[in-house]
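Colleague: Here it is: the structure, laid out below.
Derivation of every value follows stated rules applied to the coordinates shown; laboratory data play no part. Since this is a predicted model, take the numbers as computed values, not measurements. Glycine gets a Cβ as well: all are built from the backbone with ideal geometry, and neighbour counts include every protein chain shown.
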């Protein structure tokens, strides 16, 4: 049994079949990005074990394929087992061993990157301090209550759990959350008193001033899905009411986008836009057992034990043009645990590496751009956590060293044979 | 040979273990997380809420504002009759007089009017420096409301990017008697320009000596401690058991023909409304169809309790947890901004037999601060 398994996993035939599947998957997954969107296609084809049904040039084809994880893992096992089977500790083969080990490291590194890496963003205006980063894609329904005078307790429910009909409970919440509707993507509209509106879906909070309707899921890289849910909060013995929670109200980026569209597209005055936005962002609360719980559907947050304060955002352009010359964020890094308190400059190609994360300069509204938009200069940092970020470098060095070593062994052997001849 | 075999077994096992580890790692499920973080500082907001000042007519009583209104007044009349004045704003202006008047009519359950009819219905009044349309809605009645106001006067106008509504609604006699006082009140209004400073200011200010307490975030009238426990006389045979979170009390009733339980809870405000709660019991606990607003009047009956009226509902279905026949008798007591729920649920025979004792129990309750 072990013999057969060993033979199967170490066979070159398996390598060829897997490589062939790999080529097909890369082709299909790349073509599908046109129909399914970059993020979706990457996730469905390369970050899954199996692919059920593929999309080619607008047509759905109901066939199955091994996914990226399966092919990668089997290739890795194949390589490791073959390595063990054919391993000979001789100086003659040291280059080949090194090359194989390098390829194994590359595969393992890619797999762990896929599994454990995380990309988030920090958005702040000059003078603001953040000790958390937010997801660009995922949302969470957060219930926030005061824990003591200085801290608050957050119960964060990932938006993926908000499916229609779900009942969500947690020991820290004295009530259950019933999901009556959940729309992955939605559009808001202000319930202007002058317009003929249907009655609001609920008379609590946000729904009094805004209507939301489902929108088609977006697959483009330039837009994002902004979810909305209708939830009922029910304590044992009584319903506390039904509320609408929406990414449009809890995501600062979307709130700002909406404010701008009120001013530029709907030709509202700044004051009126600010007043309407005030209604959108008014906190929604429920009081249970003398405790107030504020709740909001917001981008999923990752808190860190340190904080960054944006001191200055610099955005300079080449004179007379809009072509950016330099994006630069000067931040203060404070970590109470270690006592660190220092200023750091983050700019293009010069990220800050700290606490296992890398902070890249991502976007910026500063300089002339901010002045024209009437906003305080602000900056967005891309925060990447990738525990295996060094493996591609190490893997490539090992492969290169292995190939050079093997080549040199052959070269030296060849030259010395010639000399002898 | 043995060494070689061990190597082989090791390799296959290692490969299997690795595959398992990777599979497990990739099957991480997203879960609800709990964490504590330092409180976020309240974001400074530009205060764009309009502010007004006024002179309160004699006899009127200022009340705390609510989320929907900037100011509220109780306007008393003879023999306990009264009316209510509320000041509301909506962002935006530019709607025609006709559409503003029709919005008010629609809210009062009246049909829209045409331009010609408009002139007969409205008169012009001054709200401070602004000119407003005063709409008189006699006979207005909301079908869904129990205490239907039968006369409404609304002054409506647009100013500073905001549409303002001053609404006096209530008993026809009181509204008629107070019309001049209402117009005097409207004339006394002055507008305070938004300061535009980054403060979280009160939304209104009164020139009266007696200042209305400003409720945090507009949540007015909610008891500071809703768990102030009342006292009651529980019938013999009811066994009080430790209450769970959110319940004020829980009793178990056991007998040879089955068992039932009684729970007492209270929530601020209307706790989502009577219909929502009745339907939650019907659908989630008894497996019945949801009732409509019109069904509600047939389902509910009135019950006298100390200090007012309560609503009683009696329904039978199947307990959604056990699948067995079940009867639910509940009394809803709205009281001083709180809603109290008393629920008897259990085997039909036990619930039926205990109904009278249950009602007596509810009537025996002595609420805090009474």
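Colleague: To the nearest 0.05, what FRET efficiency results for residue A:218 and residue A:420 with a Förster distance of 51 Å applied to their C-beta separation?
Modeller: 0.10
Colleague: Averaged across orientations, what area in nm² does the convex hull of the alpha carbons in chain A project?
Modeller: The orientation-averaged projected area of the Cα hull of chain A comes to 32.9 nm².
Colleague: Can you compute the modelled spin-label distance between residue B:292 and residue A:1, with each label point 7 Å from Cα toward Cβ, in nm?
Modeller: A separation of 6.7 nm, rounded to one decimal place.
Colleague: Here's another thing I want to ask about it. Report the Cα centroid-to-centroid distance between the range A:150-180 and the range B:295-345 in angstrom, as an integer.
Modeller: What the calculation gives is 28 Å, centre to centre.
Colleague: Can I get the semi-axes of the range A:241-369's equivalent ellipsoid? Compute them from the C-alpha gyration tensor as square roots of 5 times the eigenvalues, in angstrom, largest first. Don't skip to the answer; put the middle values down first.
Modeller: Working: eigenvalues 212, 140, 25 Å².
Three semi-axes, in Å: 33, 26, 11.
Colleague: Oh, and also: Angle, helix A:270-280 long axis vs. longest principal axis of chain A, Cα atoms, 0 to 90°, nearest 10?
Modeller: 80
Colleague: Count, for each residue of A:237-247, the Cβ atoms from other chains sitting within 10 Å of its Cβ, then give me the mean as a whole number. Walk me through the numbers before you get to the answer.
Modeller: Details: counts 18, 17, 12, 8, 8, 3, 1, 0, 0, 0, 0.
Mean partner-chain Cβ count within 10 Å for A:237-247: 6.
Colleague: Here's something else I'd like to know. Taking only Cα atoms, what is the 0 to 90° angle, nearest 10, from helix A:252-264's long axis to the longest principal axis of chain A?
Modeller: 60
Colleague: What ranking do A:109-118, A:205-214, A:317-326 get when scored by the average of other Cβ atoms within 10 Å per residue, highest first?
Modeller: Details: A:109-118: 16.1, A:205-214: 19.4, A:317-326: 10.0.
Highest to lowest by the protection proxy: A:205-214, A:109-118, A:317-326.
Colleague: Can you tell me how much longer the chain between residue A:393 and residue A:353 gets when fully stretched, taken as 0.36 nm per residue apart minus their C-alpha distance, in nm with one decimal?
Modeller: Details: separation 40, 0.36 × 40 = 14.40 nm, distance 1.66 nm.
Extra length from residue A:393 to residue A:353 when fully extended: 12.7 nm.
Colleague: Which peptide among A:249-255, B:30-36, A:58-64 comes first, and what is the full order, when sorted by highest mean count of other Cβ atoms within 10 Å?
Modeller: Details: A:249-255: 20.0, B:30-36: 13.3, A:58-64: 8.9.
Peptide ranking by packing, descending: A:249-255, B:30-36, A:58-64.
Colleague: Still on this structure, I have one more. For the range A:97-188, what is the Kirkwood hydrodynamic radius in Å, using each pair of distinct C-alpha atoms?
Modeller: Working: mean 1/r = 0.0571 Å⁻¹.
Hydrodynamic radius (Kirkwood, Cα pairs) of the range A:97-188 is 17.5 Å.
Colleague: Here is a further query. Tell me the mean residue ellipticity at 222 nm calculated for chain A from its helices only (DSSP H runs of n ≥ 4, each -39500 (n - 2.57), averaged over every residue, nearest 500). Let's see the in-between values first.
Modeller: On the way: 10 runs with 145 residues, N = 421.
Here the helix-only value at 222 nm equals -11000 deg cm²/dmol.
Colleague: On to the next question. Label points 7 Å out from Cα along the Cβ direction at residue B:40 and residue A:323: separation in nm?
Modeller: 4.0
Colleague: Now a separate question. For the range A:247-320, just the Cα set please: Rg and Dmax, both in angstrom.
Modeller: Looking at the range A:247-320, its Cα Rg and Dmax stand at 17.5, 62 Å.
Colleague: Shielding by partners for A:146-154, please: the mean number of other protein chain Cβ atoms within 10 Å of each residue's Cβ.
Modeller: Values: counts 1, 3, 2, 1, 3, 5, 6, 4, 5.
What the average comes to for A:146-154 is 3.
Colleague: Over chain A, what is the relative contact order in whole percent, taking alpha-carbon pairs under 8 Å and six or more residues apart? Mind showing how you got there, number by number?
Modeller: On the way: 749 pairs, mean separation 76.0, N = 421.
Relative contact order of chain A: 18 percent.
Colleague: I'd like the mean, over residues of B:116-122, of how many other protein chain beta carbons sit within 10 Å of each residue's own Cβ. Spell out each step's value before the answer.
Modeller: On the way: counts 0, 0, 0, 0, 0, 0, 0.
The per-residue average across the peptide is 0.
Colleague: Length gain on complete extension for the stretch residue A:171 to residue A:338, per 0.36 nm per residue less the alpha carbon to alpha carbon distance? Write down the numbers at each step before the final one.
Modeller: Details: separation 167, 0.36 × 167 = 60.12 nm, distance 3.33 nm.
My answer for the length gained is 56.8 nm.
Colleague: Residue separation times 0.36 nm, minus the C-alpha to C-alpha distance between residue B:255 and residue B:99: what's the value?
Modeller: Numbers: separation 156, 0.36 × 156 = 56.16 nm, distance 6.40 nm.
This chain segment gains 49.8 nm when fully extended.
Colleague: Sort largest first and round to whole Å: the equivalent ellipsoid semi-axes of the range B:239-363, each the square root of five times a Cα gyration tensor eigenvalue.
Modeller: Values: eigenvalues 89, 66, 39 Å².
Semi-axes (√(5λ), whole Å): 21, 18, 14.
Colleague: In terms of the Cα gyration tensor, with a ≥ b ≥ c the square roots of its eigenvalues, is the range A:138-301 rounded because a/c is under 1.5, prolate because a/b exceeds b/c, or oblate?
Modeller: Values: a/c = 1.61, a/b = 1.52, b/c = 1.06.
It is prolate, given that a/c is not under 1.5 and a/b is the larger ratio.
Colleague: Go ahead and run the numbers for FRET between residue B:316 and residue B:239, Cβ-Cβ distance against an R0 of 22 Å, rounding to 0.05. Please list the in-between numbers first.
Modeller: Working: r = 24 Å, r/R0 = 1.09.
So the FRET efficiency works out to roughly 0.35.
Colleague: Using 7 Å Cα-to-Cβ label points, what is the residue A:52/residue B:179 separation (nm, one decimal)?
Modeller: 7.1
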